Amino acid sequence: MDGYQAMTALIESAWEELNSSTTGHRGFCLDVVSDVLETGRLTPDDAARVVERLVVVALSDEDYSVLEPALHAIGTASTHYELPYRVVEPLATGTDVFEPELLCYVLGVLGSTHDRAALPVIERFLQHPHPDVRGEAADAVTEACWNGASAGGGAAP
């Protein structure tokens with residue numbers, strides 16, 4: 001088994017444990033996934049597939065000890081891979097239910113896509129009562145408007 005196969009096997013093992021576990025260790029499974037994403041060594045397609053699965057976890061699990069590491073892993077992926085907006089767009093539907101700390105993750109991820117399609121969602125939070133959310137929304141607007149054409153992604157202004 002080469003290094004790449006070992007990484008993907010580690011992710012699959014973490015998914016299996018996450019899906020079969022009812023203990024308080026589910027968040028640790030997501031930490032493993034985050035650690036692999038942090039290497040930046042997955043192919044863009046594999047990274048997108050992992051993030052799609054993380055988005056499903058973030059939108060379907062109500063346990064904070066699972067939500068936070070799922071959103072953290074998505075945020076980690078967004079710093080190491082250019083994620084298309086379509087991959088993280090489902091998170092936009094959950095923005096009204098996330099508490100401020102978790103909402104900050106989501107806004108950062110949406111902005112990191114450099115896709116102006118994320119702006120209507122992000123801009124709703126520029127007047128949020130929580131200062132951290134307002135700050136993250138402002139940063140996300142700036143990042144979403146960034147012309148990533150030179151980096152191969154994002155929508156041009």
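Per residue, the accessible area of region 17-63 comes to 56 Å² when a 1.4 Å probe rolls over the protein heavy atoms. Restricting region 32-76 to trypsin sites (Lys or Arg not before Pro) that sit in a DSSP loop and have at most 16 other Cβ atoms within 10 Å of their own Cβ leaves ARG41. What number, rounded to the nearest 500 deg cm²/dmol, is the helix-based mean residue ellipticity at 222 nm of the chain, given -39500 (n - 2.57) per DSSP H run of at least four residues and division by all its residues? Helix-only estimate at 222 nm: -20500 deg cm²/dmol. Over region 44-157, Cα pairs under 8 Å with separation of 6+ residues give a relative contact order of 22 percent. Accessible-area rank, largest first, for TRP15, TRP146: TRP146, TRP15, with all protein chains present and a 1.4 angstrom probe.
Computed over region 1-97, relative contact order equals 30 percent, with contacts defined as Cα pairs under 8 Å that lie 6+ residues apart. Dipole size of region 104-143 about its Cα centre, with +1 on Lys/Arg Cβ and -1 on Asp/Glu Cβ: approximately 120 debye, rounded to the nearest 20.
Put a plus charge on the Cβ of each Lys and Arg, a minus charge on the Cβ of each Asp and Glu, and nothing anywhere else: the dipole of the chain about its Cα centre is then about 420 debye.
Computing volume of the Cα convex hull per residue in Å³ for the structure here picks out one of [x] 99; [y] 152; [z] 119, namely [x]. Expressed as a whole percent, the accessible area of the chain that falls on carbon and sulfur atoms is 52 (1.4 Å probe).
Which of the peptides 91-97, 104-110, 63-69 is most tightly packed, and how do the rest follow, judged by the mean count of other Cβ atoms within 10 Å per residue?
Highest mean packing first, the order is 104-110, 63-69, 91-97.
Taking the Cα centroid of region 78-128 and of region 1-58, what is the distance between the two, rounded to the nearest whole Å? Centre-to-centre (Cα) distance: 21 Å. Across the options LEU119, MET7, ALA58, the greatest Cα extent toward the positive end of the charge dipole of region 1-128 (unit charges at beta carbon of Lys, Arg, Asp, Glu) belongs to LEU119.
The values are calculated or read from the model by the stated rules, or taken from the named source; none is laboratory data. As the structure is a computational prediction, the values presented were derived from the model and not from experiment. A quick note on method: Cβ atoms are made from the backbone with ideal geometry, for glycine too, and the neighbour counts reach across all protein chains shown. With ligands, DNA and RNA removed, areas are computed over all heavy atoms of the protein, side chains included. Shrake-Rupley method; radii C 1.70, N 1.55, O 1.52, S 1.80 Å.
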